[in-house]
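Accompanying notes for the structure given below.
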Amino acid sequence: MNEHDDARHDDTTSGAAAGGGAGRDATDAGTDPGTSPSASPDEAGTVGSPEAPPAAPSRRRRRTVLIGAGVLLFVLGAGAAVGIGRTAASHRPEASVAAYLEALRQGEAERALELDGTEVGDGDVLLTDEVYQAATDRVSGFRLAEPSVDGDTATVVATVQQGGEGGLSWQQTFTLEKDGRDLLVFDRWALQPVDLGTVTVQVGAPASATVAVGDVEVPRGDGGTVEVRALPGTYDVALGGGGDAWGAPATTGTASGPDSLGVPAVLEATLTEAGQAASRTAVDAWVAGCVASPDPQPEGCSFALLNGDGGYTLSNQKWTLETAPVYEVGDWDGTGWRVSSVTSGSVSYSADARDASGATGTFGSVSPVPVRVSGTVTDVTRAGAAFTAGPFL
């Protein structure tokens, strides 16, 4: 500042000297008054008078240059400060977390997974842009706490909102590790693979059923629950494989943070009229098979003679269905559609008998034997229904 003041002072002094010299130059260059009788005193006075005013434009120009230079330096300094500030902000640990969550907010699943280095396996069928962009209730906002730095490790706690106001909200801790420096000053922080939530689907359906999440078929596994890694959002869920025999209404499942169950989807298959008819055909065939057996204690059936053959040698054995049982095919119970009796039926048994001495006679049931229906229809396909009988109480 002081240097700028001194310069202005020197400029003013030199300007005045220049003005005087100019006046003198102008006088020397004119005609000598003594040899020019035609020159009037006014003209001579005009020629010889000091000309200070021309120095003013020079001082203004110099001031303008100095002010312009000062403004330029200020602008450059301010720009540099802003640039440094932005660079510093972009290298804070929470900046990496914000970039990850913003990618999710935009539906850019693959970009987010690239930022945190998550490895995508064959079973991670939901971790694609196509599937995620079709999901609803994605990340809609987030708040980041101040990072906690311990040496080369930093953690950032984020409060994540999905689905807007009224949607799910949870907290998640993100971990970052130092990964070198930029411009020798600014630490680079690498976001570590983020723990993901899952879409959970509870399936009550035959083993032949398929489950689709976001229009993508997902592995079912051996149990009744399907869990597939997913980014926060709500996904369409559907059951397939039942043809015209059984099915379930389409529904949705919601994934959120890794420590939250989200909102599971429930798929429970119900039989159609065609499925009910096929099931009854299978149950009736089982009853008929039991009645057709000559054994007084037919295997896998709900009726029998308590004393078996009574020690006799039997021939012409026959069960006769006196009254058909009445039963119902109910809801899925975890292993199949439960079949149970409404009203027991009855059968009778008769046979020709011969004892050890060779005496012959008639052998059979003294009174009608109850016929109960119990079991499970485990599947219904184009080939028909699969019925497993029992247990019999």
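So here's what we get for this one:
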{"quantity": "In segment 300-323, residue farthest from Ser357 (Cα to Cα) [restricted to those that are part of a loop (DSSP other than H, G, I, E, B) and among the polar types (S, T, N, Q)]", "calculated": "Ser302"}
{"quantity": "Options Thr281, Thr313; residue that is within 45 Å of the chain's Cα centre (by Cα) and surrounded by fewer than 15 Cβ atoms within 10 Å (Cβ to Cβ)", "calculated": "Thr281"}
{"quantity": "Within segment 142-232, strands (runs of 3 or more DSSP E) holding 2 or more residues that are among the hydroxyl-bearing types (Ser, Thr, Tyr)", "calculated": "153-162, 169-182, 197-204"}
{"quantity": "Residue within segment 186-203 that is under 30 Å from Ala386 (Cα atoms) and over 16 Å from the mean Cα position of the chain (by Cα) present", "calculated": "yes"}
{"quantity": "Of all residues making up segment 81-132, the number that are modelled with pLDDT of 95 or more and assigned to a helix (DSSP H, G or I)", "calculated": "23"}
{"quantity": "Complete set of residues in segment 328-373 that are hydrophobic (A, V, I, L, M, F, W, C) and out of contact with any strand residue (DSSP E or B) (no Cβ under 6 Å at 6 or more places or on another chain)", "calculated": "Ala356, Ala359, Val366"}
{"quantity": "Selection from segment 228-259 of residues that are surrounded by fewer than 17 Cβ atoms within 10 Å (Cβ to Cβ) and modelled with pLDDT under 95", "calculated": "Pro258, Asp259"}
{"quantity": "Flag if Ala145 is surrounded by fewer than 19 Cβ atoms within 10 Å (Cβ to Cβ), at pLDDT 95 or above and more than 17 Å from the chain's Cα centre (by Cα)", "calculated": "yes"}
{"quantity": "Condition broken by Pro219, with the remaining ones in (1) crowded, with 17+ Cβ neighbours inside 10 Å; (2) within 24 Å of the chain's Cα centre (by Cα); (3) modelled with pLDDT under 95 satisfied", "calculated": "(1)"}
{"quantity": "Count of segment 348-393 residues which are within 30 Å of Ala274 (Cβ to Cβ) and of a type outside the set (Ser, Thr, Tyr)", "calculated": "17"}
{"quantity": "Thr155 surrounded by fewer than 16 Cβ atoms within 10 Å (Cβ to Cβ) and in contact (Cβ under 8 Å) with a residue 12 or more places away in the chain", "calculated": "no"}
{"quantity": "Criterion violated by Leu196 - all others in (1) modelled with pLDDT of 95 or more; (2) surrounded by 14 or more Cβ atoms within 10 Å (Cβ to Cβ); (3) out of contact with any Lys or Arg (no Cβ under 7 Å at 6 or more places or on another chain) satisfied", "calculated": "(3)"}
{"quantity": "Within segment 126-141, tally of residues that are buried (at least 16 other Cβ atoms within 10 Å of the Cβ) and within 11 Å of the chain's Cα centre (by Cα)", "calculated": "9"}
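To keep it simple, each residue is scored yes or no on (1) of a type outside the set (Asp, Glu); (2) in the same structural domain as Val287 (by TED's automatic domain parsing); (3) without any contact (Cβ under 8 Å) to a residue 60 or more places away in the chain.
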{"residue": "Glu328", "(1), (2), (3)": "no, yes, yes"}
{"residue": "Thr343", "(1), (2), (3)": "yes, yes, yes"}
{"residue": "Thr360", "(1), (2), (3)": "yes, yes, yes"}
{"residue": "Ser367", "(1), (2), (3)": "yes, yes, yes"}
{"residue": "Thr381", "(1), (2), (3)": "yes, yes, no"}
{"residue": "Gly384", "(1), (2), (3)": "yes, yes, no"}
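The values are calculated or read from the model by the stated rules, or taken from the named source; none is laboratory data. What you see is a predicted model, and the numbers here were worked out from it, not measured in a lab. Because the Cβ atoms are built from the backbone with ideal geometry, glycine has one as well, and the counts that use them run over all protein chains shown.
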